[in-house]
1. Quick one: angle between helix 231-251 and the longest Cα principal axis of the chain, in degrees between 0 and 90, rounded to 10, please.
2. I'd like the antiparallel share, as a percent to the nearest 5, of DSSP beta bridges with both residues in the chain.
3. About the Cα centre of the chain, what is the dipole size in debye to 20, counting +1 per Lys and Arg Cβ and -1 per Asp and Glu Cβ, all else neutral?
4. Defining a contact as two alpha carbons under 8 Å apart and six or more residues distant in sequence, what relative contact order in percent does the stretch 194-280 show?
5. Per residue, how much accessible surface does the chain expose to a 1.4 Å probe? Answer in Å², no decimals.
6. What does the charge dipole of the stretch 55-190 about its Cα centre add up to, to the nearest 20 debye, if the Cβ of each Lys and Arg holds +1 and the Cβ of each Asp and Glu holds -1?
7. Report the convex hull volume per residue for the stretch 226-323, counting only C-alpha atoms, in Å³.
8. Would you work out what percent of the accessible area of the chain, with all protein chains in place, is carbon or sulfur (probe 1.4 Å)?
Amino acid sequence: MKVLGLYLPQYHEIEENNKWWGDGYTEWQAVKSAKPLYNGHNQPKKPLNDNYYDLLKNGVETWKWQAYLAKKNGVYGFCIYHYWFLGKQLLQDPMEILLQNPDIDINYTICWANESWTRTWYGLESAVLMKQEYGKESEWRKHFDYLLRFFKDKRYIKINNKPMLNIYRSFDIAEFKEMLDIWNHMAIENGFDGIYIVSGNTHSQLETRVDLVDAYYNFEPGFSLKHRMRALATLSYYVRTWIKQNVNKILGKEYLERTLNVKEIYKVNWKKLKNTDKPVFPGTLPMWDNTPRKKHKGFEYKSTSPDLFYKNLINIKNSVDSNSELNFVYINAWNEWGEGAYLEPDEEYGYDYLKVVKRAVEE
């Protein structure tokens, strides 16, 4: 299986984040400020050797370290988040650094994280910071021209001479067909056979315009939590969450409201989806705890461990076709430290999660 680690570039200062969250803000501020919410709650998470890297100040050095660490431990490549709002970009500099340094030895693909940015971390979903809009043909062409520089990179992942482009919420694009018609035409003009579109299966609405996409990837744990978990486990989760929310509201407490045993996700995330003829790339997670971002309103998956993660990876490996080049597996994530979802080494487990990936891939 070809393991792709979802890659977050939110580890450098930008003008917009300084305005919205305070001067000097990066993902590390959320990570460092986390507080334990109960006895035994392991917060804040700490990168091994205090490696709070900056993807601008030491971007090349960090990319080379990450690429080396990934390839050494069986990670095929990175799926890098890309933020594009009618030509306005956010957090683009790390990917530019990667492109400008061809000696950084890693395969990669892009995921257009096409969501509006809101103040969800403080429960203010309606407070829009950057609205996601799609425009018309001129904007679509501008977007493709930007992406083309990466598509032409030898390291960029291609399927049958088609650059792989992941779109997190393709269902949100009303004129998706018209956009893809333009993009495929432009890709062919530039020597490709089109674009290989991979749509995200998430906790939200799913893409039903099957003829417009080439494949799907399962974004975990949200996809299985919302669409695949056993009915009894789902009912139990919602009842427990409702009780804790009301206890907090009535008594003025701040108990962690959302928890679930990760085994409930691992029971179903490796099983093949039915009723689709398109490839579906499975996904998984090593661990998850987004309380650094959302405090007691957050979500923690319990009972996570390298050993359990390994067993899940083996189940996934046995479910994919090892003889096909379409054997991608998406891990959420390589470095989502604010959500407690990462493969990078930390003070608690060291390199254990990475070693598990290597072991599962090579067996």
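The values are calculated or read from the model by the stated rules, or taken from the named source; none is laboratory data. Only a predicted model underlies this, so the values are computations on that prediction, with no experimental measurement involved. Heads up, the Cβs are rebuilt from the backbone with ideal geometry, glycines too, and the neighbour counts pull from every protein chain shown. Protein only, heavy atoms only, side chains kept; ligands, DNA and RNA dropped before computing areas. Shrake-Rupley method; radii C 1.70, N 1.55, O 1.52, S 1.80 Å.
1. The answer is roughly 60 degrees.
2. Around 25 percent of the beta bridges assigned by DSSP in the chain are antiparallel ones.
3. Dipole magnitude for the chain comes out near 1300 debye.
4. 30 percent
5. Here the per-residue accessible area is 45 Å².
6. With only Lys, Arg, Asp and Glu charged at Cβ, the dipole is about 400 debye.
7. 119 Å³
8. On the chain, the fraction of accessible area on carbon and sulfur atoms equals 49 percent.
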